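A short worksheet on the structure shown next.
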Amino acid sequence: MTARGWIKTGGVALVMAAAAVMSAGPASAADWTVNPGEGYVNVDLDHVETSVLANTAIPDWIDRTTTPEHQFVDPAWYSTSVPYQGPDGRWYSGSTFAQLWREAAAQPAGAVSLWLTDPAQYSGIIVQLRQY
């Protein structure tokens with residue numbers, strides 16, 4: 001897939017997440033940051049939003065449309081993900097986006113942050129997930 005295809009894929013994922021979060025109405029606490037100069041868009045989800053979206057197809061869809069080489073994950077202290085070093089020397093998570101997302105949702109106050117990043121500025125990384 002071309003860089004343009006990856007960007008479209010990540011953009012669609014963020015739009016889907018945005019639509020789901022916005023459907024929560026005024027109670028939604030999602031915090032959006034758009035920073036074209038730094039090459040990213042991100043949304044911080046609270047625990048309720050993380051849990052609701054974990055039970056949708058969005059996390060699985062992200063896994064199906066991106067590869068570990070184009071993903072970055074930052075597991076929280078409670079994560080059971082075991083990192084491994086790939087043949088390219090980079091470190092990867094032993095868990096998928098969906099597993100990490102659902103793991104965060106299962107924690108009493110677990111949450112995630114999703115990022116769509118410019119691969120030219122982030123060493124080929126298109127999407128990022130951070131657990132909190």
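Only the coordinates and a few stated rules stand behind these numbers; no lab work does. What you are looking at is a predicted structure, and each value in this text was computed from that prediction instead of being measured. Here Cβ is always computed from backbone atoms with ideal geometry, including for glycine, and neighbour counts include all displayed protein chains.
Worth a mention:
- Loop sites in segment 42-132: trypsin sites (Lys or Arg not before Pro), DSSP, at most 15 other Cβ within 10 Å: ARG90
- The simple spin-label model puts a point 7 Å past each Cα toward its Cβ; for SER123 and GLN107 those points are separated by 2.3 nm.
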